[in-house]
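Below is one structure, written out as structure tokens; comments come after it.
The values are calculated or read from the model by the stated rules, or taken from the named source; none is laboratory data. Please read all numbers here as calculations on a predicted model, not as lab measurements. Cβ sites come from the backbone with ideal geometry, for glycine too, and all protein chains shown count toward neighbours.
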Amino acid sequence: MAAPDGPPVDDPVGEPVGEPGGEPASVRVELADRAYDIVIGEDLLANAGSYLAPVLARPRVVIVSDDIVAKIHLRPLQASLDSTGIKHDAIVVPAGEASKNFAQLQTLLEQLLDLRVERRDTILALGGGVVGDLAGFAAAILRRGVDFIQLPTTLLAQVDSSVGGKTAINAAQGKNLIGAFYQPRLVLADVTALASLPERELRAGYGEVVKYGLIDDFAFFEWLEEHGTAVLSGDRAALRHAVAVSCRSKAAIVARDERESGDRALLNLGHTFAHALEAEGGYDGRLLHGEAVAVGLNMAFALSTRLGLCPAQETERLKRHLEAMGLPGGPERFNLPGLTPEVMVHHMQQDKKVTDGRLTFVLARGIGQAFIENEVAEDAVLGMLATALQPIST
Ligand code: GLY
């Protein structure tokens, strides 16, 4: 992928990538004719036109954003598109998880049709996971598919939701239950954009960053123990490294299992528990997805330890790190008074990984050693949850 001022760095791994202001890093998602680049660097939105131009089928885009992100990032993006001769319109949806519903999807699709979006046009998703999932799903089904590009502006979206082609809206029955696998043509992860992110959201996104260390990269977890504070204080080089390593990890998993028939489920470490917590919270902002993931990661490790698979010190080490980074160790701070082990299990039964009524869990033998397990006794899950939820019931 050509950058405006030279080629991006291809190997983002190892030591922190470059100095602030250095060349962007590039990670390729190898998916044959649907392969694409994730470009990670600074001031990418302000230079977006130069990155987009070679990828667009024709120079016309519709930007989909939310009312908070649009106030900050829409103008600079539009200016960059103007300067490269790319025609653009913008659609702004209300910020928040509640926008991932049928009504908003219908409104968005009708707005796109009113703008006469054609098959060779491109939808730009400018925002966090909600905008990416909603705009991506709209792109997947509008005229049976138009191109889309992800411009993620949250840490969570940069390291997870903008990469890999999962698009969806929520149903009353649970999160992300209606959607499609639909890959973007390009992802621009501009770490400069993270400077405007509320501190709580940056921290929540960190839950997904830690996940990559836990799955198969112990060295990255150690790096995070040392540099997590720098990441959360907005240090550009630390952010670039954290985003680049996370994207490299995700890209490798997506390339070998795009549609989650195997390894991709590893990316759901902690998510079965997290989605149950979010469903109980009714997506009303009491808990952010990344916060729920942090609790879910602790639960996945606690379950692994209860099953005799993971040394207790590893589970404690994870909990210590998440708490040191200001993330919740358990669900008690979320104000979910009706939460019991049985209620959690009820929500978990709606999980997309339920097969023949049985849940699949992602467990771990230690930090960096996650694996997929279909045979977990419900008693063990209920026992772990009873301990984890004790602070709520007492
Ligand atoms: N967020 C998990 C995945 O993309 O598979």
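The table for this structure:
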{"item": "2 or more residues at positive phi: qualifying strands (runs of 3 or more DSSP E) within the stretch 163-207", "result": "174-181"}
{"item": "Scan of the stretch 55-68 for residues that are closer than 15 Å to Ile149 by Cβ and either under 26 Å from the mean Cα position of the chain (by Cα) or buried (at least 20 other Cβ atoms within 10 Å of the Cβ) (or both), ordered by number", "result": "Val55, Leu56, Val61, Val62, Ile63, Val64, Ser65"}
{"item": "Residue match in the stretch 186-193 (condition: within 16 Å of the ligand (Cβ to nearest atom) and more than 13 Å from the chain's Cα centre (by Cα))", "result": "no"}
{"item": "Residue check, Ala219 away from the ligand (no atom under 16 Å from the Cβ) and either surrounded by 21 or more Cβ atoms within 10 Å (Cβ to Cβ) or under 21 Å from Glu23 (Cβ atoms) (or both)", "result": "no"}
{"item": "Where a residue in the stretch 241-259 is within 18 Å of Gly22 (Cβ to Cβ) and its partner, wherever it lies, is within 14 Å of the ligand (Cβ to nearest atom) and not polar (S, T, N, Q), with Cβ under 7 Å and at least six apart", "result": "Ala242/Val209; Val243/Val159; Val245/Tyr212; Cys247/Ile38; Cys247/Val159; Cys247/Val163"}
{"item": "Pairs with Cβ under 8 Å, 6+ apart, first in the stretch 323-334 and part of a loop (DSSP other than H, G, I, E, B), second among the aromatic types (Phe, Trp, Tyr)", "result": "Met325/Tyr206; Leu327/Tyr206; Pro328/Phe334"}
{"item": "Yes/no for Gly213 being out of contact with any strand residue (DSSP E or B) (no Cβ under 6 Å at 6 or more places or on another chain), at pLDDT 95 or above and more than 16 Å from the ligand (Cβ to nearest atom)", "result": "no"}
{"item": "Matching residues, the stretch 226-281, being away from the ligand (no atom under 12 Å from the Cβ) and of a type in the set (Asp, Glu)", "result": "Glu226, Asp235, Glu278, Glu280"}
{"item": "Given (1) in a helix (DSSP H, G or I); (2) under 18 Å from the mean Cα position of the chain (by Cα), number of the condition Trp223 does not satisfy", "result": "(2)"}
